[in-house]
Amino acid sequence: MTDIQSKIESRLKNLLVNKGRELVELVSDLGYEYNNDPVTSLFSDWTENQLALLNQIILLGHHGEFQIFWVRLNNEKLNKSHQRTIINLINRRFPYNLCIFSNADDTVWDFVNIKAVKTKESPEDKEPKKRQYLRRIRIDQTERLRTAVERISLLKVPGDGVHHFDLQKQHDDAFDVEKVTDAFFHDFKIVFAGFKNHLAELTNDDEWAHAFGLQFFNRLIFVYFIQKKRWLGNNPEFMKMYWEAYQKTKHPENSFSDKWLGILFFEAFNKKFSHPQWLPNKFQSILQLAPFLNGGLFKNTELDQKYHATIHDTEFQNVFDFLQSYNFTITEDSPIDQEVAVDPGMIGKIFETMTFVEGDIEKAHSLGIVYTPRTEITLMCRLALVDRFANEFGIEYKNLFYELFFAFTEEEKNAADQSISDQNLWPNIGEFLEKVTVLDPAVGSGSFLVSMLNILADLKMRANEQLGIQDKIYRVKKNIVGRSLYGVDIMDWAVHVCELRLWLQLVVETDFEKLEERTIEPLLPNLDLNIRSGDSLVQIVGEVNFSHLHLTKLPPHLKGKITALKGEKRKYFYNDPNRKYKTKKYVDSAELAIFREILDQQIHERREDLKRMDRIIYGMDVEQKGLFGDEPKQESLKLKKANAKENGRLKNELLQFQIARKDRKSGW
């Protein structure tokens, strides 16, 4: 750690205790001239509502025309929309700045960088405007300081003559989230390689070691996100307390992963807590009230059962030290608002690379595995929705839908929503959102579906508000995932990572006011029917390419069975206690039974078609020439030849269906 980093670490550690002195020292350590002046001149044109957001604004320091403001808000939580409102007002007079926000009692702090980016020129807008991107570093009692110290240290003024343009660029670079991603990915590869090698040495199975290692990290990282919600003993540092308690108690050597984590993963999170006597009383009560997660993430899988490999405590310590050194934020960033921390989107990027090619970036690119930046993904999603809605409601509304889906700030959303109201489109939009579906045929780590989920959920909440419908964001998102989002990938672990990110979206962004809301009913739905492994380009059943075959209309009794199965699938997704199928295995069996009935129907139809074709061919006798003469004879031969070709096609399809029918492993 450098001298400046040591100083910044000391200031940030003491910020919550002695804010006045530490803010003075922080500004001075970074090379800015200290001011400490109230900025009352800013308020001359503010509205009463805007002023009500504030407790105070102080100009802490400056360097040239670059200013540092301390803004104390009037609420306990640091509301992002309130921060943006204040920043917009400050920027009118001081466009080059760093804003340090605190809540009403100065227990939570956000260092906020404002990066102005000019939007691209479009046919509709020949004079693109600048859009403000906010990036924040949070400081509170639960946040680890490594990232904050490293990034804030980069804000130090390099010299007296530096221009405010250059200083602003320096701040923009310091708050670059991708830099944190790169650092996390670098450390992750080292720790994961060591953990995987340990597992491989225990089992002599490198492939299993890689897959189990990823599953282990998936589960552990999920715990780090939900402890941020204070759902484990109201303690955002639950894992630290849990690991330290294990180290202080008498226990068999190297038993933490097997026993302590096993109890947490497979019992507490599945509402099957057995109250083992060896577990300290404090954790008995905590795990008894652990959130009922269910879902596939904490099921005892084949990977868990294949070997009984004892993970050494020293190896877990390495994993623990790594995870403890980073901040985890519980929200996926919006395109214009980011937290400089590890978020679920960053996890998706890392696991996407590690899952497929074990961290080899060049190999990933050679296989077409390329990380798509979040801004590009959200752009593609919004453009796709604009086109889909225009096709549904009319091309004349396309510009209106551009406004609807590209509204990011509260002001933009209010204006777009009013335009939709003026056209009386909200009732139809609300209804359409109940049935719109999205499929990603190469889902990867789920970035496209996560982005779609957030966009659709935001629009659904806005539609509900306009239509007078009250619903919680958790319920809205859960319904969208179950009804509207589908993904396929040829890699099994891509499916698992996608599930992880969708589960995180449902849980970590959701506030449950009552304890029973997260302990009685399972919070995580079963996603394994919506997100599946398979080849979406070529569907092979019984070694036959089914995409080249033409299925005829299904009879009513089969349609009825399919409709009934859809209902049971929905019950399975929601973990309905009255569901017919308790596991995916039974759902797959039901699907397979219907699929085979469809094959039987197709075989029957092909046989009937062949009988009909045989009658046509053999009934076309050359003796008919007496009725038509020579030319009709030629036409008759051509027709006979065409029918023979059709006969051959039907026989080939019949054979293919029969092969598929005999394949006991065939499914959708």
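Here are the numbers for the structure shown:
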quantity	calculated
Placed amide H near LEU485: partners under 5 Å, 5+ positions off or other chain	VAL438
Amide proton proximity set for GLY61, modelled H, under 5 Å, gap of 5+	ASN35, ASN36, ILE68
Violating pairs (Cα-Cα greater than 25 angstrom) within the set LYS169/LYS229; LYS179/LYS478; LYS299/LYS580; LYS478/LYS569; LYS179/LYS228	LYS169/LYS229; LYS179/LYS478
Contour excess over end-to-end distance, with Cα ends at LYS611 and ASN318 and 0.36 nm allotted per residue	98.4 nm
Rounded to the nearest 10 Å², the accessible area of ARG462 at probe 1.4 Å	20
Stokes-Einstein D in µm²/s, Kirkwood radius over Cα pairs - the stretch 200-288 at 25 °C with 0.890 mPa s viscosity	173
Heavy atoms of MET241 accessible to a 1.4 Å probe, total area in Å² rounded to 10	40
Rounded to whole Hz, the Karplus (6.51, -1.76, 1.60) HN-Hα couplings of the stretch 459-469, x for glycine and proline	5, 5, 5, 5, 5, 4, 4, 5, 9, x, 9
Backbone HN-Hα couplings from phi across the stretch 61-70 [Karplus 6.51/-1.76/1.60, Hz, Gly and Pro as x]	x, 7, 9, x, 8, 8, 10, 10, 10, 10
Amide H within-cut-off set for GLU339, under 5 Å, with H built and near neighbours excluded	ARG136
In sequence order, calculated HN-Hα J values of the stretch 6-13 (Karplus, 6.51, -1.76, 1.60; Hz; x Gly/Pro)	4, 5, 5, 4, 5, 4, 5, 4
Kirkwood-based Rg to Rh ratio, the stretch 86-207, C-alpha trace	1.14
For the stretch 1-68 versus the stretch 189-207, the gap between their alpha-carbon centres in whole angstrom	47
Inter-label distance for ILE490 and LEU592, nm, one decimal - labels placed 7 Å from Cα along Cα-to-Cβ	2.4
Ranked packing of 160-172, 202-214, most packed first, by mean Cβ within 10 Å	202-214, 160-172
Spin-label pair GLU392/ARG570, simplified geometry with 7 Å Cα→Cβ offset, distance in nm	1.7
Environment charge of VAL24, counting only residues whose C-beta is closer than 15 Å and scoring Lys/Arg +1, Asp/Glu -1	-2
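The values are calculated or read from the model by the stated rules, or taken from the named source; none is laboratory data. Remember, predicted model here, so these are calculated numbers, not experimental data. So basically every Cβ, Gly included, is an ideal-geometry build from the backbone, and we count neighbours across all protein chains shown. Accessible surface is based on the protein model in full, side chains and every heavy atom, while ligands, DNA and RNA are left aside. Shrake-Rupley method; radii C 1.70, N 1.55, O 1.52, S 1.80 Å.
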